[in-house]
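Participant: Handing you this structure, nothing more for now.
The values are calculated or read from the model by the stated rules, or taken from the named source; none is laboratory data. None of these values were measured; they are calculated from a predicted model. Note that each Cβ is placed from the backbone with ideal geometry, even for glycine, and that neighbours are counted across all protein chains shown. We work out accessible area using only protein heavy atoms, side chains counted, and drop any ligands, DNA or RNA first. Shrake-Rupley method; radii C 1.70, N 1.55, O 1.52, S 1.80 Å.
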Amino acid sequence: MIAVAVAALLIALHSVVSQLSAPEVYGADDSEIAVSAGDRFSVKVADDPAGDPAGGYRWIIAEPRPDPAVLKAVGRREVPGGPLPSGTGRERYLDFETVRPGRTDLRLLRCRICSADAADEPGARTLNFRIRVG
């Protein structure tokens, strides 16, 4: 009985520590992001428009790119899970790390072909973020 209680306590403690140390996640509506130097954060986006899970859209960092002395991209990931709810796109997380204090803009572009004229593609969408690193 005591062993079960200790195991449950350790699992709960691990869960709390993991949540506290996980990078902050921002969404499409978070146009202003304030973080500290050395922080990691993610931007959650949907690759495909609602109702078109086979659409082939993806998000890229668009021009003008953020100041690399302030912000750098460190990866992208999809969190595995069950089936997608009807009418939603596949969610992705674009991961970033701040380098040093400053300000920069981050522009994301959802595109299918993602060529030089990607912003003019049907279904293209942009998201703009102002990043302030203190």
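Participant: Which condition number does F41 fail, the rest of (1) in contact with a Pro (Cβ under 8 Å, 6 or more places away or on another chain); (2) at pLDDT below 95; (3) open to solvent by less than 30 Å² (accessible area, probe 1.4 Å) being met?
Facilitator: (2)
Participant: Can you tell me which of (1) at pLDDT 80 or above; (2) under 20 Å from D30 (Cα atoms) is the one D48 doesn't meet?
Facilitator: Here D48 meets the rest and fails (1).
Participant: Name the single residue, out of those in region 57-79 being among the small types (G, A, S) and part of a loop (DSSP other than H, G, I, E, B), that is surrounded by the most Cβ atoms within 10 Å (Cβ to Cβ).
Facilitator: Residue satisfying both the conditions and the ranking: A62.
Participant: Please go through region 91-125 and pick out each residue that is over 19 Å from K72 (Cα atoms), open to solvent by 60 Å² or more (accessible area, probe 1.4 Å) and outside any helix (DSSP H, G or I).
Facilitator: Once the filter is applied, which keeps residues that are over 19 Å from K72 (Cα atoms), open to solvent by 60 Å² or more (accessible area, probe 1.4 Å) and outside any helix (DSSP H, G or I), region 91-125 yields E91, R112, I113, S115, A116, D117, P122, R125.
Participant: Looking at region 19-26, can you tell me whether even one residue there is at pLDDT below 85, more than 20 Å from V133 (Cβ to Cβ) and exposed (fewer than 15 other Cβ atoms within 10 Å of the Cβ)?
Facilitator: Within region 19-26, one or more residues are at pLDDT below 85, more than 20 Å from V133 (Cβ to Cβ) and exposed (fewer than 15 other Cβ atoms within 10 Å of the Cβ).
Participant: If you don't mind, there's one more thing I want to ask. Regarding R77, is this residue modelled with pLDDT under 95 and within 13 Å of the chain's Cα centre (by Cα)?
Facilitator: Yes.
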